[in-house]
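The values are calculated or read from the model by the stated rules, or taken from the named source; none is laboratory data. Computed from a prediction, not measured in an experiment: that's the story for all the values here. With ideal geometry, Cβ positions are generated from the backbone for all residues, glycine too; neighbour counts draw on all protein chains shown.
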Amino acid sequence: MITETEILNASILIVDDQEPNVTLLEQLLSEAGYTRVSSTMNPQEVCALHLKHDYDLILLDLQMPDMDGFQVMEGLKSHAADGYVPVLVITAQPGHKLRALQAGAKDFISKPFDLVEVKTRIHNMLEVRLLYKKLENYNKMLEQTVQERTAELRESEARYRSLTELASDWYWEQDANDNFTKVSGPVLEMLGIPAATLTKEGDVRVAGWNEAERTQLQASIAARQPFLDFVFSRVNTDGSRQQFRVSGEPMFNQAGCYTGYRGTGVEFTSKC
């Protein structure tokens, strides 16, 4: 929500080539409690002033010599980073109202002034403008927070990956069908698994594994149970024996559906 104090502290620029009109609007706004009101009778200054001060509201007369209000609005639109032109036009020509709105004005004030209407339209437009700015700032903060959290997550993942590599020989993941989907480290060479057969069937068919240990490991996976430092072994064709220690945990998505396993492994005996 926007407070009354925020509205009264909004920055306002009055643009009119007639000094009596400027004086009247300045007095009206001052009496209403607005504290940041400035003015110019030179329409050619408006774009530069708005770029410098980023006004919350511009009260713009349409009928001015040399450069009318429509030309001013075109200049403001070309310089508006967010495409929003905070203009409340002032006109004595009924036919100009629709054209002004089509040109980018957000509302209009008719001449001669109805002072109650003027104050109401200014107040309402400022409230909308400040809400728009607050939402824009919130979106920027949200985007920055997402970027920061993403960077933190990537850093955390990098640290986890580094620690995993230090604490184990390899990291692995497999999908719900027991097919390996990700491996890091020299796991293929250690396990003697050809890269082209990195699936459940290819893994099972590699000769030399202790089938009793394999059956026990597969039973834990089938039961969706985590396992820690499970030891299994294989005998190579040259008669040497390898032993491995593997840990893993099941993975589930946000709906609670099983999606596979992930874990680490280490060889703790070398080939003889």
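Quick check: anything in region 108-118 within 21 Å of H53 (Cα to Cα), in contact with a helix residue (DSSP H, G or I) (Cβ under 7 Å, 6 or more places away or on another chain) and of a type in the set (V, I, T)?
Checked region 108-118: no residue is within 21 Å of H53 (Cα to Cα), in contact with a helix residue (DSSP H, G or I) (Cβ under 7 Å, 6 or more places away or on another chain) and of a type in the set (V, I, T).
Here is a list: L57, L49, L25. Which entry is surrounded by 13 or more Cβ atoms within 10 Å (Cβ to Cβ), more than 16 Å from R121 (Cβ to Cβ) and in contact with a strand residue (DSSP E or B) (Cβ under 7 Å, 6 or more places away or on another chain)?
L49
For region 228-246, what are the residues that are in contact (Cβ under 8 Å) with a residue 24 or more places away in the chain, under 29 Å from D175 (Cβ atoms) and either buried (at least 18 other Cβ atoms within 10 Å of the Cβ) or in contact with a Ser or Thr (Cβ under 7 Å, 6 or more places away or on another chain) (or both)?
If the condition is that a residue be in contact (Cβ under 8 Å) with a residue 24 or more places away in the chain, under 29 Å from D175 (Cβ atoms) and either buried (at least 18 other Cβ atoms within 10 Å of the Cβ) or in contact with a Ser or Thr (Cβ under 7 Å, 6 or more places away or on another chain) (or both), then R234, Q242, Q243, F244, V246 are the ones that fit.
Here are some residues: V89, V85. Which one is surrounded by 19 or more Cβ atoms within 10 Å (Cβ to Cβ), on the phi < 0 side of the Ramachandran plot and at pLDDT 85 or above?
Exactly one residue qualifies, and that residue is V89.
For region 93-114, give me each residue that is over 39 Å from the mean Cα position of the chain (by Cα) and either surrounded by 13 or more Cβ atoms within 10 Å (Cβ to Cβ) or among the basic types (K, R) (or both).
H96, S110, K111, F113
To keep it simple, each residue is scored yes or no on (1) out of contact with any strand residue (DSSP E or B) (no Cβ under 7 Å at 6 or more places or on another chain); (2) charged (D, E, K, R).
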position: A212; (1), (2): yes, no
position: R224; (1), (2): no, yes
position: T237; (1), (2): yes, no
position: A255; (1), (2): yes, no
position: Y258; (1), (2): no, no
position: Y261; (1), (2): no, no
position: T264; (1), (2): no, no
position: F268; (1), (2): no, no
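So how many residues does region 40-62 have that are without any contact (Cβ under 8 Å) to a residue 40 or more places away in the chain and either touching a Ser or Thr at 6+ places or on another chain (Cβ under 9 Å) or part of a helix (DSSP H, G or I) (or both)?
Adding up the residues that qualify gives 11.
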